Amino acid sequence: MKDYSLLKINLTGGIVSPGTLQSILLAAKTAGVREVSFGARQQLLMYVKSEIVRGSGIVEFKKKLDETNIAFEEDSDKKPNIISSYCAEEVFPTGQWISEGIYKDIFDGFDYEPQLKINISDSQQSFTPFFTGNLNFIASPIQNFWYLYVRFKQSNKVFCFPILIYTLEIPKVCQRIEEVIVEAGEMDENEVYEKVIAKGEIISQVIREELILPKFSLPYYEGFNRYGEKTWLGIYRRNETFPLDFLIEICDLCLETKVGQICTTPWKSLIIKAIENKHRNLWDKLLGKYGINVRHAANELNWQVEDLSPEGLALKKAIIREFDDEDVRTFGLSFAIQTRSKSEVFGSVVIKKRKIFAGLSSVFDIYHTVDFNPNTRALTLFEKGVNKAHVPEMLQRLSKRFYAVHKIDTPVVKKTTVNREAEVEIFQCKTCFTIYDSRFGDSVNGIVAGIKFADLPDNYCCPMCESEKSEFEAVKADKLLV
């Protein structure tokens, strides 16, 4: 008999109410669970001991989930979560027509549990992946209509459905496609379209222009960040586990301060939106109580490993340590580690473990996606058969190649005739690269134009990630990191 079972609970679209999450966590606590994880598909994952002394154990835990109508899978992943870019809405503004209501209309329309991976994405963001699903819906320029890109299971072949799909038709289209291809497997693109259309009319539009996606740039998604009159909080955990008691208190605080939802991200982190500024100190105290750090370096946040992979996490940590020692720049890149042959990971650089000598040993093959775009599925081999100890060195070489062949957009400062003493002073946050330019001041912190950085108050902090004043450094305009 197994000692532990893995329970997976899908959080549709990466959204969960504090009340629902708290119910799950309290039930998990009675079953002996002490920490949980969030998966790359925005689901809740936890190991539950089969039998515990003087406790409810997994049987009672599952009974409580059933009583509250919370669906789960035990040691199985036959029903993948529907993921979405809702976690990025508002906090990383795109100017698109998609709203919270539109996302929720889509999710409410699913009256069945999909067997295919479904992605719902805003086309103007680069925080959540576009093509990691089997059915990938991406917002078009036409309000309430979506491109659909289909990818067969365990395949890198992606094709565009020949029509734009209306928002409220998405659940119906997903179910029809699933009925067509789940059992049949890979088939001709036209055959898929004809069989789906034969099942009945779909509200749609003709595709008039090709999809244009933004250049990948992972935003800094951690810490306290202001937007409008409110604040959002991003929480990342280096070991990808969250203490159960900490999450229970997060739910308590959300309920107390009327924060209506908690978002999970494909980067296995949490985003809590709509925090009132008057409640900011309560969140500070909670983070302090559990010693939760929300100021990790940016080059640690652009990684993805498989869910619940101690080997992958250990390799990631070793690489990051060496990157730190060598002061390696990774802006514009994202990295993924694959230790299991059939798993799927997302990144512009992919490190794949390969067994050799009949499985007695292993090496790593290093790939990068075409044009270093993580949303492409085609991989180009960079180095084959790399010993684990040499992986960091190879990644440094690959990073240098990336910067050698890719122009990273930087602000252009026109030359003037003023002398060097009159040059504008610019300071940049070392954590998130936000700029303080004395010509413009800082409207978020109430700093008017013309105030020199040296004259800012000692308690000045970055308007984006809230790093302290000491975390800024003077830079020349042509040396800015973006």
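The values are calculated or read from the model by the stated rules, or taken from the named source; none is laboratory data. No experiment lies behind these values; they were computed from the predicted model shown. Note that each Cβ is placed from the backbone with ideal geometry, even for glycine, and that neighbours are counted across all protein chains shown.
Under 7 Å between Cβ atoms, at least 6 apart or on separate chains: pull out the pairs that start in the range 443-455 with a residue that is loosely packed, with under 13 Cβ neighbours inside 10 Å and end on any residue that is of a type in the set (Ser, Thr, Tyr) and part of a loop (DSSP other than H, G, I, E, B).
450/438; 452/438
Which is in contact with a strand residue (DSSP E or B) (Cβ under 6 Å, 6 or more places away or on another chain) and of a type in the set (Lys, Arg), of 176, 151? I'd like the intermediate steps shown before the answer.
Values: 176 fails: in contact with a strand residue (DSSP E or B) (Cβ under 6 Å, 6 or more places away or on another chain).
Result: 151 is the single residue among 176, 151 that is in contact with a strand residue (DSSP E or B) (Cβ under 6 Å, 6 or more places away or on another chain) and of a type in the set (Lys, Arg).
Output the residues belonging to the range 63-81 that are in a loop (DSSP other than H, G, I, E, B), among the acidic types (Asp, Glu) and surrounded by 11 or more Cβ atoms within 10 Å (Cβ to Cβ). Can you show your working first?
Pass one, the range 63-81, residues in a loop (DSSP other than H, G, I, E, B): 68-72, 75-81.
Next, only the ones that are among the acidic types (Asp, Glu) stay: 75, 77.
The one that is in a loop (DSSP other than H, G, I, E, B), among the acidic types (Asp, Glu) and surrounded by 11 or more Cβ atoms within 10 Å (Cβ to Cβ): 77.
So, residue 162, is that one farther than 12 Å from residue 140 by Cβ, surrounded by fewer than 18 Cβ atoms within 10 Å (Cβ to Cβ), in contact (Cβ under 8 Å) with a residue 40 or more places away in the chain and of a type outside the set (A, V, I, L, M) or not?
On the way: farther than 12 Å from residue 140 by Cβ: yes; surrounded by fewer than 18 Cβ atoms within 10 Å (Cβ to Cβ): yes; in contact (Cβ under 8 Å) with a residue 40 or more places away in the chain: yes; of a type outside the set (A, V, I, L, M): yes.
Yes: the conditions hold for residue 162.
Can you report the number of residues in the range 109-147 which are of a type in the set (Ser, Thr, Tyr), in contact with a Phe, Trp or Tyr (Cβ under 9 Å, 6 or more places away or on another chain), more than 20 Å from residue 347 (Cα to Cα) and in a loop (DSSP other than H, G, I, E, B)?
Qualifying residue count, the range 109-147: 1.
Just to be sure I understand, how many residues within the range 163-178 are closer than 26 Å to residue 78 by Cβ, part of a helix (DSSP H, G or I) and of a type in the set (A, V, I, L, M, F, W, C)? Working first, answer last.
Applying the first criterion (closer than 26 Å to residue 78 by Cβ) to the range 163-178 yields 165, 169-178.
Still in the running and part of a helix (DSSP H, G or I): 169-178.
So of that shortlist, the ones also of a type in the set (A, V, I, L, M, F, W, C) come out as 170, 173-174, 177.
Going through the range 163-178 one residue at a time, the tally reaches 4.
When only residues in the range 313-352 that are in a helix (DSSP H, G or I) and within 17 Å of the chain's Cα centre (by Cα) count, which is nearest to residue 240 (Cα to Cα)?
Residues of the range 313-352 that are in a helix (DSSP H, G or I), as a first pass: 313-326.
Now drop any that are not within 17 Å of the chain's Cα centre (by Cα), which leaves 313, 316.
On the way: 313: 9, 316: 12 Å.
The residue in question is 313.
Of the conditions (1) in contact with a strand residue (DSSP E or B) (Cβ under 7 Å, 6 or more places away or on another chain); (2) in contact (Cβ under 8 Å) with a residue 40 or more places away in the chain; (3) among the hydrophobic types (A, V, I, L, M, F, W, C), residue 127 fails just one. Which one is it?
Only one criterion in (1) in contact with a strand residue (DSSP E or B) (Cβ under 7 Å, 6 or more places away or on another chain); (2) in contact (Cβ under 8 Å) with a residue 40 or more places away in the chain; (3) among the hydrophobic types (A, V, I, L, M, F, W, C) is unmet by residue 127, namely (1).
Quick test of your reading of the structure: residue 293 fulfils all but one of (1) farther than 21 Å from residue 44 by Cβ; (2) modelled with pLDDT of 95 or more; (3) part of a strand (DSSP E or B). Name the failing condition by number.
(3)
Out of all the residues in the range 8-47, which are polar (S, T, N, Q) and farther than 21 Å from residue 267 by Cβ?
To start, the set of residues in the range 8-47 that are polar (S, T, N, Q) comprises 10, 12, 17, 20, 22-23, 30, 37, 42-43.
Selection gives 17, 20, 22, 23, 30.
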